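The values are calculated or read from the model by the stated rules, or taken from the named source; none is laboratory data. As the structure is a prediction and not an experimental result, all values here were calculated from the model. Note that each Cβ is placed from the backbone with ideal geometry, even for glycine, and that neighbours are counted across all protein chains shown. Note: accessible area is taken over every heavy atom of the protein model, side chains too, but ligands, DNA and RNA are not part of it. Shrake-Rupley method; radii C 1.70, N 1.55, O 1.52, S 1.80 Å.
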Amino acid sequence: MTSKTLSYTRGQALPGILASRIAILDGAMGTMIQRFKLGEAQYRGEGYTGPGAQGTRFTDFHRDVKGNNELLSLTRPDVISDIHERYLAAGADLIETNTFGATTVAQADYDMADLAVEMNLVSAKLARAACDKYSTPDKPRFVAGALGPTPKTASISPDVNDPGARNVTFEELRQAYYDQTKALVEGGSDVLLVETIFDTLNAKAALFAIDEYFEASGERLPIIISGTVTDASGRILSGQTVTAFWHSVRHAQPLAIGLNCALGAALMRPYIQELNRVAPDTYISCYPNAGLPNPMSDTGFDETPDVTSRLVREFAAEGLVNIVGGCCGTTPDHIGAIAHAVAPLPGRSVRRNFFYKEAA
């Protein structure tokens, strides 16, 4: 049995779509939020009286919360829903929940760890409503429940003078990811996306928690795993090459394995080629940044939609990808351009059961 024949309880149509065409993932959330130019008061919900309004709930919160984008699912659901709908209108098949930092581990930075479950539940519901609004019989839309890396790392010391020091345990991560997974699924996610992985041990905690939740709930959703190559060494931050990373996570039988963030498409290409070689039995996703950071640019990144879409189209033309989208600095215009650019091209073909023949 492979990930293509697993009995999914949700997102059952997705493997068939990936077998027939390239699917489109949405773009950046943070870049789009920045465009609203929200201040501290707006992050606390001031001035918003629409559905889900929190009133004065956060007015006197004791810490600054500006920059806590996941809080906006509670305090400004109109902003988050608007962003989701713009990506769907641009042609996205999958949209990510606004939950990149919605774990107890990450929210502890704002003293909001106790809100993590609520953030995931509400974020998934917002994405679900947007997808339901845009879904048609011939173009269903899917909610990708996003599990981010957390600001802590289980395999790297935060203290240069003590290589053995750690600021988080595997068990703390497992519990945080279990709670996140449960809320994301209960809120209406179709797919689980473990993304921007810079520490494989963190990802293993997430995958362990997801599997644990599947066992406990009877649910089984497609999983997409997306690592982040942090520099020209071709390794993720915790030291693994792309090949080693794949061998460390493929036991989870993901529907797709891929890369996102850190690099623009031009610099990401050799690592997507490497994945294409070592993971012939699994679909491949790729959502690069809009080039390299540039504080002078509107989005904070250099590449315009025509540039990013041309580069991503080259991946598709080379037969390397099944899911494409954008990470930091990308907008609905980028996603629309990418969708248009890859539409005529077939997705990468997958060799069924390769992993198990190889293992035998």
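The set of residues in region 16-57 being surrounded by fewer than 21 Cβ atoms within 10 Å (Cβ to Cβ), touching a strand residue (DSSP E or B) at 6+ places or on another chain (Cβ under 9 Å) and closer than 21 Å to residue 326 by Cβ consists of 17 alone.
Being in contact with a Phe, Trp or Tyr (Cβ under 8 Å, 6 or more places away or on another chain), under 21 Å from residue 231 (Cα atoms) and surrounded by 17 or more Cβ atoms within 10 Å (Cβ to Cβ) is true of residue 325.
From the list 250, 269, which residue is under 20 Å from the mean Cα position of the chain (by Cα), more than 28 Å from residue 8 (Cα to Cα) and surrounded by fewer than 24 Cβ atoms within 10 Å (Cβ to Cβ)?
On the way: 250 fails: more than 28 Å from residue 8 (Cα to Cα).
Result: 269 is the single residue among 250, 269 that is under 20 Å from the mean Cα position of the chain (by Cα), more than 28 Å from residue 8 (Cα to Cα) and surrounded by fewer than 24 Cβ atoms within 10 Å (Cβ to Cβ).
Which residue out of 79, 143, 65 is free of Cβ contacts under 8 Å to residues at least 60 places away in the same chain, hydrophobic (A, V, I, L, M, F, W, C) and in contact with a Cys (Cβ under 6 Å, 6 or more places away or on another chain)? Steps first, answer last, please.
Values: 79 fails: in contact with a Cys (Cβ under 6 Å, 6 or more places away or on another chain); 65 fails: in contact with a Cys (Cβ under 6 Å, 6 or more places away or on another chain).
Result of the check over 79, 143, 65: 143.
Return the residues of region 58-77 that are under 21 Å from the mean Cα position of the chain (by Cα) and surrounded by fewer than 18 Cβ atoms within 10 Å (Cβ to Cβ); say none if nothing qualifies. Listed by number, the list holds a single entry, 67. Considering only region 37-60, I want to know if a residue exists there that is in contact with a Ser or Thr (Cβ under 9 Å, 6 or more places away or on another chain), charged (D, E, K, R) and modelled with pLDDT under 95. Checked against the condition, which is being in contact with a Ser or Thr (Cβ under 9 Å, 6 or more places away or on another chain), charged (D, E, K, R) and modelled with pLDDT under 95, region 37-60 yields no hits at all. Filtered by the rule that a residue be part of a helix (DSSP H, G or I) and open to solvent by 10 Å² or more (accessible area, probe 1.4 Å), region 122-144 gives 122, 125, 126, 128, 129, 132, 133, 134.
Output the residues belonging to region 184-193 that are open to solvent by 10 Å² or more (accessible area, probe 1.4 Å) and assigned to a helix (DSSP H, G or I). Working first, answer last.
Kept after step one, since they are open to solvent by 10 Å² or more (accessible area, probe 1.4 Å), are these residues of region 184-193: 186, 188, 190.
Hit for region 184-193 is 186, nothing else.
Restricting attention to region 61-79, the residues that are at negative phi and small (Gly, Ala, Ser) add up to 1.
Working only within region 111-151, note down all residues that are of a type in the set (S, T, N, Q) and under 20 Å from residue 70 (Cα atoms). Quick ask: steps written out before the conclusion?
Taking region 111-151 as the starting set, the residues that turn out to be of a type in the set (S, T, N, Q) are 120, 123, 135-136, 150.
Within region 111-151, 120, 123, 150 meet the criteria.
Answer with yes or no whether residue 113 is touching a Ser or Thr at 6+ places or on another chain (Cβ under 8 Å), in contact (Cβ under 8 Å) with a residue 12 or more places away in the chain and either under 30 Å from residue 199 (Cα atoms) or open to solvent by less than 40 Å² (accessible area, probe 1.4 Å) (or both). When the stated conditions are applied, residue 113 does not pass them. Check off (1) under 17 Å from residue 29 (Cα atoms); (2) open to solvent by less than 30 Å² (accessible area, probe 1.4 Å); (3) assigned to a loop (DSSP other than H, G, I, E, B) for residue 335 and give me the number that stays unchecked. The one condition residue 335 does not meet is (3).
Looking across region 265-285, just one residue is within 20 Å of residue 199 (Cα to Cα), touching a residue at least 40 places away in the same chain (Cβ under 8 Å), outside any helix (DSSP H, G or I) and not hydroxyl-bearing (Ser, Thr, Tyr), and that is 284.
Tally the residues that are open to solvent by 50 Å² or more (accessible area, probe 1.4 Å) and either out of contact with any Pro (no Cβ under 7 Å at 6 or more places or on another chain) or in contact (Cβ under 8 Å) with a residue 24 or more places away in the chain (or both), restricting the search to region 167-178.
Taking region 167-178 first, the residues open to solvent by 50 Å² or more (accessible area, probe 1.4 Å) are 167, 169-172, 175.
With the extra rule that they be either out of contact with any Pro (no Cβ under 7 Å at 6 or more places or on another chain) or in contact (Cβ under 8 Å) with a residue 24 or more places away in the chain (or both), the set shrinks to 169-172, 175.
Of the residues in region 167-178, 5 are open to solvent by 50 Å² or more (accessible area, probe 1.4 Å) and either out of contact with any Pro (no Cβ under 7 Å at 6 or more places or on another chain) or in contact (Cβ under 8 Å) with a residue 24 or more places away in the chain (or both).
Among the residues of this structure, residue 13 does not count as one that is buried (at least 22 other Cβ atoms within 10 Å of the Cβ) and either within 19 Å of the chain's Cα centre (by Cα) or touching a residue at least 24 places away in the same chain (Cβ under 8 Å) (or both).
If you check 230, 196, 181, which single one turns out to be of a type in the set (S, T, N, Q), open to solvent by 30 Å² or more (accessible area, probe 1.4 Å) and within 17 Å of the chain's Cα centre (by Cα)? Going through 230, 196, 181 in turn, the sole match is 230.
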